[in-house]
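The next block holds one structure in the form of structure tokens; read it before the comments.
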Amino acid sequence: MHMVLREGFRGHSVVVTMNERRVYEAAGVTTDPLTARAAIFAVGAADRKARVAVAVSPGDLAATFEVDVAVHPHVAISLVGGSTVAFETSAWPFR
């Protein structure tokens, strides 16, 4: 699965887990205004379905969702406003 942290990150600490396994952790995550991306990473998925959880601070934001990796292997995560974590899935890479 290919994951991209997109818009709304401004010096945040971010932890992403997939099926209870930590797959990404970073501090100072900031969205680049030119690319609208803060980070890109790939994660091996052993199962067809994956439970993705994201924790972001400051703001103590947390969200979880399930994705069918075989159908939507690309996942984008954005921060919207001051209190919402948004997920977007796609069969194709995000541009």
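Values quoted throughout were computed directly from the atomic coordinates according to the rules given, and no laboratory measurement underlies them. Bear in mind the structure is a predicted one, so any value in this text is a computation, not a measurement. As a convention, Cβ positions derive from the backbone with ideal geometry for all residues, glycine included, and neighbour counts pool all protein chains shown.
A few notes on this one:
- Ala38 long-range amide H proximity, modeled H, under 5 Å: Leu5, Arg6, Asp32
- Given charges at Cβ of Lys, Arg, Asp, Glu: the chain dipole, positive-most of Val14, Val29, Trp92: Trp92
- On full extension, the segment bounded by Asp68 and Ser83 gains 2.8 nm, given 0.36 nm per residue less the C-alpha separation.
- Least to most buried among Ile40, Ile77 (fewest other Cβ within 10 Å first): Ile40, Ile77
- The phi-based Karplus calculation (6.51 cos²θ - 1.76 cosθ + 1.60; θ = phi - 60°) puts the 3J(HN,Hα) values of the range 55-72 at 10, 10, 9, x, x, 6, 8, 8, 8, 9, 8, 10, 9, 8, 5, 5, 8, 10 Hz, whole numbers, x for Gly and Pro.
- Legend: P(r) of the chain from all alpha carbon pair distances, 5 Å bins from 0, whole percents, reading 3, 14, 28, 27, 18, 8, 2.
- Fewest-first ranking of His74, His2, using other Cβ atoms within 10 Å as the exposure measure: His2, His74
- For the range 30-46, 3J(HN,Hα) computed residue by residue from phi via the Karplus equation (6.51, -1.76, 1.60; θ = phi - 60°) reads 9, 6, 6, x, 7, 9, 6, 10, 10, 6, 9, 7, 10, 9, x, 10, 7 Hz, glycine and proline entered as x.
- Here the dipole of the chain is about 140 debye; that uses its Cα centre as origin and unit charges on the Cβ of Lys and Arg (positive) and Asp and Glu (negative).
- Long-range HN-HN contacts of Tyr24 with modeled amide H, under 5 Å: Val16
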